[in-house]
Each structure stands twice: as C-alpha cells, then as structure tokens.
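The values are calculated or read from the model by the stated rules, or taken from the named source; none is laboratory data. Worth saying up front: this structure is predicted, and the values here are computed from it rather than measured. Here the Cβ positions follow ideal geometry from the backbone for every residue, glycine too, while neighbour counts run over all protein chains shown. These accessible areas exclude ligands, DNA and RNA; they are computed on the full protein's heavy atoms, side chains included. Shrake-Rupley method; radii C 1.70, N 1.55, O 1.52, S 1.80 Å.
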Amino acid sequence: MSAIRMAGEDDIRAIEPLMAAFNRAEGIAWHPPTMVPALRRLLREPDLGLVLLAHDARAEAAIGYALATFGFDLEFAGVDAFLTELYVTPDQRGHGVGSRLLLAMMDALRTRGAGAVHLMVRPENETARALYGRAGFETVPRVMMTRLLT
Ligand SMILES: CC(C)(COP(=O)(O)OP(=O)(O)OC[C@H]1O[C@@H](n2cnc3c(N)ncnc32)[C@H](O)[C@@H]1OP(=O)(O)O)[C@@H](O)C(=O)NCCC(=O)NCCS
C-alpha cells in the first residue's frame with residue numbers, strides 16, 4: 001500500500017528519476033542543470049506550488065508524484081493552480097495511485113485557497129483524460145498558447 005505525502009527538499013533524489021521519465025514520456029527535453037534547481041526552488045518556496053509524492057513502504061521506493069504551481073486569476077476570484085505533472089511508475093499503474101495523487105492534490109490546493117485547478121493533457125492520452133474526467137475536470141473551449149520571454 002502506498003502513502004501520499006508532501007515532498008520536501010530531501011526528496012529531490014527520489015523525485016528526479018520519476019521526473020526524468022515523465023518528461024521523456026511527454027516528449028519534453030529533461031535538462032537537469034536548469035530543471036533540478038527549479039524543482040529545489042519550488043520545494044523551498046511553498047507560495048510557488050507543491051509536490052506530492054506517492055511512496056511504497058514495502059518497496060521503500062517513490063512510485064509517483066504530482067506537481068502543481070499557483071497563479072492568480074480574477075475569473076476564479078484570486079489564486080488558482082496548474083497541475084503541470086502527474087506520474088506513476090509503469091509497474092504501479094492501474095491500482096488507483098494516480099487517482100489518489102490527483103485527489104490529494106486537489107485537497108491540498110483547496111486548503112491553500114486555490115479556487116480552480118487547470119491542466120493540459122495530450123488528446124491521445126486516454127488513460128489520463130479518463131482519470132481527469134472522473135475527478136471532475138472539464139475541457140474548456142480555449143487553445144493553450146505559449147510565448148517564451150527569455
Ligand atoms: C496517467 C497516470 C498518472 C495514471 O496513473 P494510475 O496510477 O495508473 O491511475 P489509476 O490507477 O488511478 O487509474 C488508471 C486506471 O486504473 C483503474 N483503477 C483504479 N484503481 C484501481 C484498482 N484499485 N484496481 C484496478 N483498477 C483500478 C482506473 O479505473 C483506471 O482505469 P481506465 O484505464 O479504464 O481509466 C499514469 O498512467 C501515468 O503516469 N502515465 C504517464 C504520465 C501521464 O500521462 N501523465 C498525465 C499527463 S497530463
């Protein structure tokens with residue numbers, strides 16, 4: 001049975017391989033020299049967001065994580081959040097760990113005062129879309145656009 005808890009700086013070594021696998025699977029370049037310091041900053045500054053870690057006590061191993069960051073939007077009367085990463089190791093999937101991480105993250109974000117949580121998911125990722133749908137997420141009629149500012 002896995003336990004879900006808030007991750008701290010001491011968990012970076014446990015999270016890093018999971019994060020590398022998530023980014024690989026999502027087709028996002030995993031660049032530790034910039035991304036690990038950003039993760040460390042997130043874990044140090046709770047106002048930025050939070051990471052939840054699923055831990056298998058028997059195997060003494062991290063088996064999944066969820067990561068969300070905060071924003072601010074008048075539409076949601078203040079603080080909102082973006083779930084940027086949700087990952088469970090392939091050998092542990094299909095046992096409810098992903099759903100539990102998602103529900104625990106929604107509870108944690110509510111407790112921190114977020115009025116809504118958003119996410120992006122690839123259209124072909126049917127497992128994740130079904131999981132999000134069961135948790136009450138709805139598709140919004142908008143297209144996500146990004147412009148680098150660097
Ligand atoms: C998406 C992801 C996090 C789901 O994790 P998971 O732990 O397998 O999720 P769950 O077990 O809660 O749900 C998956 C399936 O198992 C089923 N399930 C849940 N609890 C179960 C249980 N106790 N026994 C049997 N099946 C169960 C669910 O009904 C669901 O079925 P579905 O495939 O028909 O929808 C995981 O597949 C993953 O890490 N994928 C790669 C990364 C990714 O795509 N992340 C999301 C990107 S936005």
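Let's see how each residue does on (1) open to solvent by less than 60 Å² (accessible area, probe 1.4 Å); (2) under 26 Å from Gly133 (Cβ atoms); (3) under 15 Å from the mean Cα position of the chain (by Cα):
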| position | (1), (2), (3) |
| --- | --- |
| Leu43 | yes, no, yes |
| Asp56 | yes, no, no |
| Tyr65 | yes, yes, yes |
| Thr69 | yes, yes, yes |
| Arg93 | no, yes, no |
| Ala108 | yes, yes, yes |
Exercise for the section: Go through the stretch 114-130 and give me each residue that's open to solvent by 50 Å² or more (accessible area, probe 1.4 Å) and more than 8 Å from the ligand (Cβ to nearest atom). Expected result: Gly115, His118, Pro123, Glu124, Arg129
Handout entry: the stretch 131-150 - residue that is without any contact (Cβ under 8 Å) to a residue 12 or more places away in the chain, over 24 Å from Gly78 (Cβ atoms) and not hydrophobic (A, V, I, L, M, F, W, C) and, of those, surrounded by the fewest Cβ atoms within 10 Å (Cβ to Cβ)
Key = Thr150
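If you take the residues of the stretch 27-41 that are surrounded by 14 or more Cβ atoms within 10 Å (Cβ to Cβ) and within 17 Å of Leu86 (Cβ to Cβ), which of them is nearest to the chain's Cα centre (by Cα)? Lay out the reasoning, then the answer.
Taking the stretch 27-41 first, the residues surrounded by 14 or more Cβ atoms within 10 Å (Cβ to Cβ) are 30, 35-36, 39.
Now restrict to residues that are within 17 Å of Leu86 (Cβ to Cβ): 30, 35, 39.
Working: Trp30: 16, Met35: 15, Leu39: 12 Å.
Of everything passing the filter in the stretch 27-41, Leu39 is nearest to the chain's Cα centre (by Cα).
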Completion exercise
Selection from the stretch 78-107 of residues in contact with a strand residue (DSSP E or B) (Cβ under 6 Å, 6 or more places away or on another chain) and more than 10 Å from the ligand (Cβ to nearest atom) yields Val79, Asp80, Ala81, Phe82, Ala104, Met105
